1. Inspect segment B:171-186 for any residue being at the interface with chain A (Cβ under 10 Å from one of its Cβ atoms) and under 19 Å from the mean Cα position of the chain (by Cα) and give the result as yes or no.
2. Can you tell me which of A:53, A:115, A:141 is at the interface with chain B (Cβ under 10 Å from one of its Cβ atoms) and without any contact (Cβ under 8 Å) to a residue 60 or more places away in the chain?
3. When residue A:160 is evaluated against the numbered criteria (1) facing chain B (nearest Cβ under 8 Å); (2) over 30 Å from residue A:57 (Cβ atoms); (3) assigned to a helix (DSSP H, G or I), which criterion, by number, is the only one it fails?
4. Condition check: at pLDDT 95 or above, part of a loop (DSSP other than H, G, I, E, B) and surrounded by 19 or more Cβ atoms within 10 Å (Cβ to Cβ). Does residue B:187 satisfy that?
5. Restricting attention to segment B:24-63, report how many residues are more than 8 Å from chain A (Cβ to nearest Cβ), in a helix (DSSP H, G or I) and surrounded by 21 or more Cβ atoms within 10 Å (Cβ to Cβ).
6. Taking segment B:193-213 only, how many residues are under 14 Å from residue B:248 (Cα atoms) and surrounded by fewer than 19 Cβ atoms within 10 Å (Cβ to Cβ)?
7. Identify all residues within segment A:165-186 that are closer than 21 Å to residue B:42 by Cα, outside any helix (DSSP H, G or I) and more than 9 Å from every other protein chain (Cβ to nearest Cβ); write none if there are none.
8. Counting only residues that are surrounded by fewer than 24 Cβ atoms within 10 Å (Cβ to Cβ) and in contact (Cβ under 8 Å) with a residue 40 or more places away in the chain, how many does segment A:73-93 have?
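The values are calculated or read from the model by the stated rules, or taken from the named source; none is laboratory data. Since we're looking at a predicted model, the values are computed, not measured. Positions of Cβ are generated from backbone atoms using ideal geometry, with glycine treated the same way; all protein chains shown enter the neighbour counts.
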């Protein structure tokens, strides 16, 4: 008979546990049917699939899950969560993985999404609302593409579709919300 | 009928014509929309990707503000993303521990009895198709409309409560009431790439191209939408798509409220239609709608 070493088959479920604690989703329910991957509109841009992410989570392969671009190409379109025969909210699991990556400050290749999210959240914190013109301008500036979508932006300004100045809606209200949330998380 | 109105950030800026046309159409149908005072951003795309607690607290705060808006119990959210985030928060807040945390963050009680409605729900379910039909003075006869729902108006069904989430027909019924025809097509709930327009444009250009191509292949004259981001991508990115893929799209993209307004005899300029990036003037002239 072949001999299997115990350490070779030991499963590290701490990653799955963390996902379960944060999202209320059990990744062990996934039986790899690939329905999520088949329906994913962003699949062609990913270097993995949502199905693979579920497997990495089951096997505790944190690095494999985090270092691929897959989690950063999820469009949050909810197709996978809608179609999963095991009723796993896969988009929520991927969101949770994104949050864990950001908390652990793992670098997400050159993806601009984490920066975009931070800029937008900062605007909500200090202004109460999204300030679209400022969001686009600061994102393009920080990512070194200051002329991206310039023609479209000018057209939108001409049509009165972009407000050049932000509106401040009771900023202290949102600032207080953010600080109370921060305290709560500690 | 009186409802609270939560326009969201986009309707105050890049999709102002959706705000204008929704208000006009609702007024004409006898629906009074009372804008929620001092509403804040719902957290939209970024919150759920980087701060789980705030992704629930921001919508919860807005629902608390709805309650303060003359005690109204129904809120109309025309933006599919706002609608989705409000509905997701309601579902998540059934969890008592999370609700306690959120109430601490928003420093007020969370009202659990508010009904969140997308503008399309308000029109088709609260006002009713027949009432719309009665107001039609300029029937959109022969107009072939590809009704595009995108992701969040129907998905996930656990959140939206929609029975037909893969092949919805709510907007098609509305278009028929206006005299138009809702075409049968494949991409009605396919994702347009959403906010990736700003971070990874190549994703949006490819996905949006597929949607435009499918609508064209079934002979649709226009595409009708109910989401500011879908409109921004389908309407605003056609030039970039044509340049990148050597295509020749000039498809007018309308908010369903704009098509309603036109059929109800409201002038195109009063509906904000000329704010579109893809020109619609020739189309409107051809159809004698201006």
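1. Scanning segment B:171-186 turns up no residue that is at the interface with chain A (Cβ under 10 Å from one of its Cβ atoms) and under 19 Å from the mean Cα position of the chain (by Cα).
2. Sole residue among the options that is at the interface with chain B (Cβ under 10 Å from one of its Cβ atoms) and without any contact (Cβ under 8 Å) to a residue 60 or more places away in the chain: A:115.
3. (3) is the only condition that residue A:160 fails.
4. Yes; evaluated as a whole, the condition is true for this residue.
5. 8
6. 2
7. Of everything in segment A:165-186, those that are closer than 21 Å to residue B:42 by Cα, outside any helix (DSSP H, G or I) and more than 9 Å from every other protein chain (Cβ to nearest Cβ) turn out to be A:165, A:166, A:168.
8. Residues that pass the stated criteria total 8.
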